[in-house]
1. In nanometres, what is the gap between the two model label sites at ARG81 and LYS301, each 7 Å from Cα along Cα-to-Cβ?
2. Please turn the phi angles of the range 9-21 into ³J(HN,Hα) values with the Karplus equation 6.51 cos²θ - 1.76 cosθ + 1.60 (θ = phi - 60°), one per residue in order, whole Hz, x for glycine and proline.
3. If packing is taken as the average count of other Cβ atoms within 10 Å, what order do 151-161, 265-275, 307-317 fall into, highest mean first?
4. So how far, in whole Å, is the C-alpha centre of the range 368-424 from the one of the range 60-92?
5. If N is the number of residues in the chain, what value comes out of its Cα radius of gyration divided by 2.2 N^0.38 Å?
6. Which percent, nearest 5, of DSSP beta bridges in the chain are antiparallel?
7. Give me the log10 of I(q) over I(0) for the range 238-338 at q = 0.17 Å⁻¹, as the Debye formula computes it from C-alpha points; what are the numbers?
8. Just to check I understand the Karplus step: with θ = phi - 60° and J = 6.51 cos²θ - 1.76 cosθ + 1.60, what whole-Hz values come out for the range 90-104, glycine and proline as x?
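Any read-out appearing in this document is the output of simple, stated calculations on the displayed coordinates, not a laboratory observation. Just so it is clear, the structure is predicted and the values come from calculations on it, not from any experiment. Cβ placement follows ideal geometry from the backbone for every residue including glycine, while neighbour counts extend to all protein chains displayed.
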Amino acid sequence: MSAFVASPEPFKAPIGTRDILPPESERWTRLVAEFARIMGLAGYGFIQNPMFEDIGVFRPVGEGTDVVSKEMYDFFDKGDRHLALRPEGTASVVRAFNQHHPLVPWKVWYVAPNFRYEKPQAGRFRQHHQLGAECVGVVDPDVDVELMVLLWDFFCTIGLRELRLLINSIGDLETRHGYYEHLRAYLDVRRDSLDPEDRRKIDQHPMRVLDSKRPETQDAIADAPTLLDVMSGVSRAHFERVRAGLDAARIPFEIEPRLVRGLDYYTHTVFEIQSPALDSAQSAIGGGGRYDGLAEALGGKATPGTGFAAGIERILLACDAEGIFAEQGARLDAFVVDLGDGSTARDVSTALRRGGLSVDRAFDGRSPKAQMKAANRSGARFAVIIGEDELAAGTVTLKDLRSDKQQEMVSRENLADELRKRLS
Ligand code: HAM
């Protein structure tokens, strides 16, 4: 039997995914271009990883986390390899680092789709897109600061004003294991007042209970011990340097001892940037932290790393909530209106585009009226009108579509220069 079933209705994109169409897509390309510019200024190069990996690559992201244990899209390919669609980007970047042995510090940025089988809602998709950056091979806390400053400045450059930066340190592994004992003892006494889902986390990952948004749990953990109280000297010094760096960059931040993040590979610094303009369930527009054990967990040499990622869909929702970063209409320089059989429109558009101008035209032998309507709708600055008279005289009629100015005749030979003169 064929695997393809005819649909009685036109197909739609799968639940939790979206088509990003023009004109909205114009904001995406502008956002990515701005991110690329900012990361380029700090020496980060573009990286593109595969969209799927051996499923083992994502094990260190967290077997006990929702992202890996419940939401991952995994499958066996025709060669019986167990693969997974990437739920996040950091593990792939570090897998590539282990594979290619680049010089350190290795600074890379990416824009990539990620896949998580979540319950779709506003700002939460099954395919979402992240802008991210990673710096592998540096222990210096100044890199944590560099990344936070870059993300913060990126958000400010696109015009976001309502931002909260939350930071925390979850220490090194040794500190954390000591802390787990404390925390487990505290949570055990309150076991009965916790939400059942959170109760299950006490043994496996007690810190994740602190991150719970469930009201019963929130009340029970109000005065839980924090890791900041028991942190080792190295972790403390690291965190102090991070705070000093943010102060020096004049970036306001809040220390949030409950911030543990939903992925397992973090050590020392973790952070999140929230947009208070969004609902709290989707207010994290970016987040990241240090992952000093990840390269080793993926079979490479012990190598520190740190980075962040920010969701494009959420950033744009925050922009909408603040009324900024609006779509810019099409910015065509000219629209060619051909009163003949279309050959002149074809040739003039090609010549003008080769001259670096943005130009469009109508097809399918539309009437002059329909072509003028299309020219007006296109957002072009000028209509370039060519009828029999113009053709015979080697001229074109230029009509400024944004003003009531008279039309003027210009020579077809100098058309690109004449347009440029008027556009500048
Ligand atoms: P994450 O916090 O899981 O971190 O995701 C980063 C950002 O992606 C979130 O802050 C949010 O803006 C967006 N995001 C996540 N899930 C969804 C979703 N289902 N729908 C829409 N947007 C979403 C990471 O992925 C880490 N790899 C970040 C990192 C890089 N840490 C170190 N380096």
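1. 2.6
2. Result, ordered by residue: 10, x, 5, 10, 4, x, 4, x, 10, 9, 8, 9, 9 Hz.
3. Values: 151-161: 17.8, 265-275: 24.3, 307-317: 22.2.
Going from most to least packed, we get 265-275, 307-317, 151-161.
4. If we compute the Cα centre of each part, the gap is 55 Å.
5. Working: Rg = 27.6 Å, N = 424, 2.2 N^0.38 = 21.9 Å.
For the chain, the normalised Cα radius of gyration comes out at 1.26.
6. Working: 49 of 61 bridges.
Antiparallel bridges make up about 80 percent of those DSSP assigns within the chain.
7. Log10 of I(q)/I(0), two decimals: -0.93.
8. Residue by residue, the range 90-104 yields 5, 4, 5, 4, 6, 4, 5, 4, 4, 6, 9, 6, x, 5, 9 Hz.
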